[in-house]
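Worksheet for the structure shown next.
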Amino acid sequence: MEQVVVETTDLTKSYNGFIAVDKLNLRIREGEIYGFLGPNGAGKTTTILMLLGLTEPTSGAARVCGYNPTREPLQVKRIVGYLPENVGFYEDLTARQNLRYTAELNNQYKKTPSDNGEEVEKRINNLLTTVGLSKVVDQKVAEFSHGMKQRLGIADVLVKEPKLVFLDEPTSGIDPKGIGEILDLVVKMAKRKVTVIFCSHQLAQVQKICTHVGIFAKGRLVAEGSIDRLGEETAAGGRYRIEVQVAQPSTNLIKLIKQTKGVKDVMGSTADSLLITCNSDLRPQIAKTIVDSGSSLIGMKIEEASLERIYKKYSREG
């Protein structure tokens, strides 16, 4: 079984009577890309600070790669990377020099008595190539654009070979091409068994790469799981949407489909497709109605779960 990298039990943090995180229970496994979602003030940042050992919980417990962040913060920091929304570097140093400095701070050059640093230098070169900065390795960071600094930030969190990485709005202020490249880098991290906690307000990006999500509201985790499972739960109560492709759909066919028990609405999507809203998965019944009417059924699928719809549902409930 895959290793549990992050585990919390009733983790709680309060400030002068205000509960910022309320009895949080999390289990995040190795290699997952886990989306932290929620409005500002929902408890995401406070949770990250507790997991990093930067603030103590009021009650409850947390384990990160088997360590207690409160009692063993140095052990946690050695194996965890954190990329804040506003990345900070020594701007009078080059990209390569900044990564060397991070490696030195984390004792990467002195892992063994015989280590002369060749492995770390090779890792730095490979990382700068991976994040698309191979042509500017000796350029001062002061000359970098925001997007270039974000790329360097990803290389910076990976230089110490972490087991867990926190990414806070990593695509903020980046052009569409750069966003796609950074999301690809995140996916590559997970393939290398690096667990990623991805904090973003860009729901389309979260839906594209995250394996699981946790939705926070008012300090509580109000929903947690895979997007598919949360989508199925959200679909309850009349929110299944089935797209049907039919050769020349007629007014009579639409009328027959509307008469199917459980169908709430039928709309024409394109010249040969219909969008059907119903209170359960009625694909077998709808297919039978289409065939019995003499129409040609070309294709049928349930509309993919929308993370935006899931987020709105659980945020309201929170």
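Which ordering of C210, C199 is given by a fewest-first count of other beta-carbon atoms within 10 Å? Don't skip to the answer; put the middle values down first.
Values: C210 25, C199 22.
Placing the least packed residue first, the sequence is C199, C210.
Is any residue of region 274-289 close enough, with backbone N under 15 Å, to a label point placed 7 angstrom from the Cα of K261 along the Cα-Cβ axis, and if so, which?
In region 274-289, the label zone of K261 (backbone N under 15 Å from the point 7 Å along Cα→Cβ) covers 279-286, 289.
Rounded, prolate or oblate: which one fits region 1-115, using the alpha carbon gyration tensor with axes a ≥ b ≥ c (rounded when a/c is under 1.5, else prolate when a/b beats b/c, else oblate)? Show your work: numbers first, answer last.
Numbers: a/c = 2.10, a/b = 1.58, b/c = 1.33.
Prolate is the answer for region 1-115, as a/c is 1.5 or above and a/b outweighs b/c.
List T94, T277, T251 from most exposed to least, where exposure is judged by having the fewest other Cβ atoms within 10 Å. Before the final figure, lay out the partial values.
Details: T94 19, T277 15, T251 7.
Ranking T94, T277, T251 by Cβ neighbours within 10 Å, fewest first, gives T251, T277, T94.
Answer rounded, prolate or oblate for the chain, using the Cα gyration tensor with square roots of eigenvalues a ≥ b ≥ c: rounded when a/c is under 1.5, else prolate when a/b is larger than b/c, else oblate. Numbers along the way, then the final one.
Working: a/c = 2.85, a/b = 1.82, b/c = 1.56.
It is prolate, given that a/c is not under 1.5 and a/b is the larger ratio.
GNM, the chain, Cα, under 10 Å: largest mean-square fluctuation among M300, M189, M148?
Its mean-square fluctuation being the largest, the pick is M300.
Hey, can you grab everything whose amide H is under 5 Å from the amide H of A223? Only 5+ residues off in sequence or another chain; H modelled, so Pro and N-termini drop out.
Under 5 Å from the amide H of A223: I215.
How far, in nm, would the chain grow between Q75 and K301 when pulled straight, counting 0.36 nm per residue and subtracting the alpha carbon separation? Walk me through the intermediate numbers first.
Details: separation 226, 0.36 × 226 = 81.36 nm, distance 4.84 nm.
Value of the extension gain: 76.5 nm.
I need the calculated FRET efficiency for the pair S226 and S14, taking r as the beta carbon distance and R₀ as 22 Å, to the nearest 0.05. Could you put the intermediate results ahead of the total?
Working: r = 31 Å, r/R0 = 1.40.
Step by step, r from the Cβ atoms, then E = 0.10.
Longest span of the chain, sites excluded, free of trypsin sites (Lys or Arg not before Pro) in DSSP loop with at most 10 other C-beta atoms within 10 Å? Kindly include the intermediate steps, with their values, before the conclusion.
Working: sites that count: R71, R192, K261.
My reading of the result: 72-191 is the longest stretch.
So how strong a dipole does region 234-317 carry about its Cα centre when Lys and Arg Cβ are +1 and Asp and Glu Cβ are -1, to the nearest 20 debye?
Details: 13 positive and 9 negative charges, 64 e Å.
In total the dipole reaches around 300 debye.
Enumerate the calculated ³J(HN,Hα) couplings along region 81-87 in order (Karplus 6.51 cos²θ - 1.76 cosθ + 1.60, θ = phi - 60°), each rounded to whole Hz, writing x wherever the residue is Gly or Pro.
Taking θ as phi minus 60°, the curve returns x, 9, 10, x, 4, 9, 6 Hz for region 81-87.
Taking +1 at the Cβ of each Lys and Arg and -1 at the Cβ of each Asp and Glu, which of S172, T211, L54 sits farthest along the dipole of the chain towards its positive end, judged by Cα position relative to the Cα centre?
The one lying farthest along the dipole's positive direction is T211.
Which listed residue (N279, I227, Y101) has the Cα farthest towards the positive end of the charge dipole for the chain, taking +1 on Lys and Arg C-beta and -1 on Asp and Glu C-beta about the Cα centre?
It is N279, whose Cα lies furthest towards the positive end.
Write down the Kirkwood hydrodynamic radius of region 234-317, to one decimal in angstroms, obtained as one divided by the mean of 1/r over all alpha carbon pairs.
Numbers: mean 1/r = 0.0754 Å⁻¹.
One over the average 1/r among Cα pairs gives 13.3 Å for region 234-317.
How large is ³J(HN,Hα), in whole Hz, for each residue of region 61-75 in order, when computed from phi with the Karplus curve 6.51 cos²θ - 1.76 cosθ + 1.60 and θ = phi - 60°, using x for Gly and Pro?
Using θ = phi - 60°, the values come out as 9, 9, 10, 10, 6, x, 9, 8, x, 6, 8, 10, x, 5, 5 Hz.
With +1 on each Lys and Arg Cβ and -1 on each Asp and Glu Cβ, how big is the dipole of the chain about its Cα centre, in debye rounded to the nearest 20?
Once rounded to the nearest 20, the dipole reads 540 debye.
Read phi for every residue in region 162-173 and hand back ³J(HN,Hα) as whole Hz from Karplus 6.51 cos²θ - 1.76 cosθ + 1.60, θ = phi - 60°, with x for Gly and Pro.
So the J values, rounded to whole Hz, are x, 8, 9, 10, 9, 10, 9, 6, x, 9, 4, x.
Considering amide H positions built from the backbone, and no H for Pro or chain starts, which residues 5 or more places from V165, or on another chain, come under 5 Å of its amide H?
Under 5 Å from the amide H of V165: G81, T195, V196, I197.
Say the dipole of the chain comes from +1 at the beta carbon of Lys and Arg and -1 at that of Asp and Glu; which of P84, G147, G132 then lies farthest toward its positive end?
P84
Any read-out appearing in this document is the output of simple, stated calculations on the displayed coordinates, not a laboratory observation. In this text the structure is predicted, and so the values were computed from the model without any measurement. Using ideal geometry, Cβ is built from the backbone for each residue, glycine included, and neighbour counts are taken over all protein chains shown.
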